[in-house]
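Inspection log for the structure reproduced underneath, given as structure tokens.
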Amino acid sequence: MRLRIAIFDLDGTLLDTLADLANAMNRTLARFGFPVHPVDAYRTFVGEGVALLVERALPPGHRDTETREAALRMYREDYGRHWNVATRPYPGIRPMLGELDRRRFRLAVLSNKPDLFTRRCVDAMLPGVPFGCVLGQRGDLPRKPDPAGVKRILEVFGAPAAEAVMIGDSGTDMDTARAAGIPGIGVRWGFRSEDELRAHGAAALADRPADLPELLDAWPAGRAG
């Protein structure tokens, strides 16, 4: 048995979405008259769902329920209009996915981004890539690092955990892999640091997308770390 299922995080792994996420949140903050943040600050704000993004971006003392809910509505409206201004696949992502498909890997996406925007981003930025399952944050599944999303993907594919790997740029992705009992491969080109990936138990690190096909093909199935 070998690894046959590659489950990818989206933001910071397949797509560079940071500027659009940051700019939408900064415009929302500006509408409230709150200070905005440098784009790089959003590297640690994103990745655990949109509600936490909004809460982290709001200034201390203005994180009450009413303000958070109003800011969340404004952010969603703004991001819905401007999500594709700067968002692009990272260099080398499309060839890497094509090579994994050629090697008969089954491909999936598991993101804490809202499900609608997860699917919209995948459809627009990675057209033609044969993802067998695309899951974003939605009401019937807890968000990562809960392993429920991984388990749902395995159910869709009718495959055991021993055939799957989780690939992502954050400690949340590595925690998800560990909770699901599968290897977590960290990517160095994303939003978070190598130190974070290692601290959360990354089984291996990839320097560039082109490294992944050989790394995954050589990985012994059933080895979780």
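Every number here is computed from the coordinates shown, using simple stated rules; none is lab data. From a predicted model like this one, the values you see are computed outputs, not experimental measurements. In this analysis, Cβ positions are derived from the backbone assuming ideal geometry, glycine residues included, and neighbour counts consider all displayed protein chains.
Applying 1/(1 + (r/R0)^6) with r as the Cβ-Cβ distance of Ala70 and Glu194 and R0 = 41 angstrom yields a FRET efficiency of 0.65. Summing +1 for each Lys or Arg and -1 for each Asp or Glu among the other residues whose beta-carbon sits under 13 angstrom from that of Leu135 gives +2.
The per residue volume of the convex hull around the alpha-carbon atoms of segment 1-55 is 87 Å³.
Within segment 103-165, report the trypsin sites (Lys or Arg not before Pro) that DSSP leaves as loop and that have at most 11 other Cβ atoms within 10 Å.
On the way: sites: Arg103, Arg104, Arg106, Arg119, Arg120, Arg138, Arg143, Lys151, Arg152; in loops: Arg103, Arg104, Arg143.
Answer in residue order: Arg104.
What percentage of all Cα-Cα pairs in segment 144-186 are separated by more than 14 Å? Let's see the in-between values first.
Details: 331 of 903 pairs.
Everything past 14 Å amounts to 37 percent.
Relative to the dominant Cα principal axis of the chain, helix 93-102 is inclined by about 30°. Assuming a viscosity of 0.692 mPa s and a temperature of 37 °C, what translational diffusion coefficient in µm² per second does Stokes-Einstein assign to the chain, Rh being the Kirkwood radius over Cα pairs? The estimated diffusion coefficient comes to 186 µm²/s.
Here the peptides 197-210, 62-75 are ranked by packing, the mean other Cβ count within 10 Å, and the order with the highest first is 197-210, 62-75. Taking every C-alpha pair closer than 8 Å and separated by at least 6 residues, the mean separation divided by the residue count of the chain gives a relative contact order of 26 percent. Between Arg152 and Asp140, the modelled labels are 0.8 nm apart [label points 7 Å from Cα along Cα→Cβ]. Once the Cβ-Cβ distance of Ala86 and Ala159 is raised to the sixth power relative to R0 = 25 Å, the FRET efficiency obtained is 0.10. Across the options Val50, Tyr79, His37, the greatest Cα extent toward the positive end of the charge dipole of segment 37-178 (unit charges at beta carbon of Lys, Arg, Asp, Glu) belongs to Tyr79.
Of the beta bridges DSSP finds with both residues in the chain, what % are antiparallel, to the nearest 5?
Details: 4 of 24 bridges.
Counting only bridges with both partners in the chain, antiparallel ones make up about 15 percent.
How high is the relative contact order of segment 18-82? Use alpha-carbon pairs under 8 Å, at least six apart in sequence, and give a whole percent.
On the way: 56 pairs, mean separation 25.8, N = 65.
Result for segment 18-82 is 40 percent.
For segment 63-82, the residues whose amide N sits under 17 Å from a probe point set 7 Å from the Cα of Phe32 along the beta carbon direction are 63-79. Count Lys and Arg as plus one, Asp and Glu as minus one, and take only other residues whose Cβ is under 12 Å from that of Arg119; the net charge is then +1. Note on segment 107-225: Rg/Rh from Cα positions, Kirkwood definition for Rh, rounded to two decimals, is 0.94.
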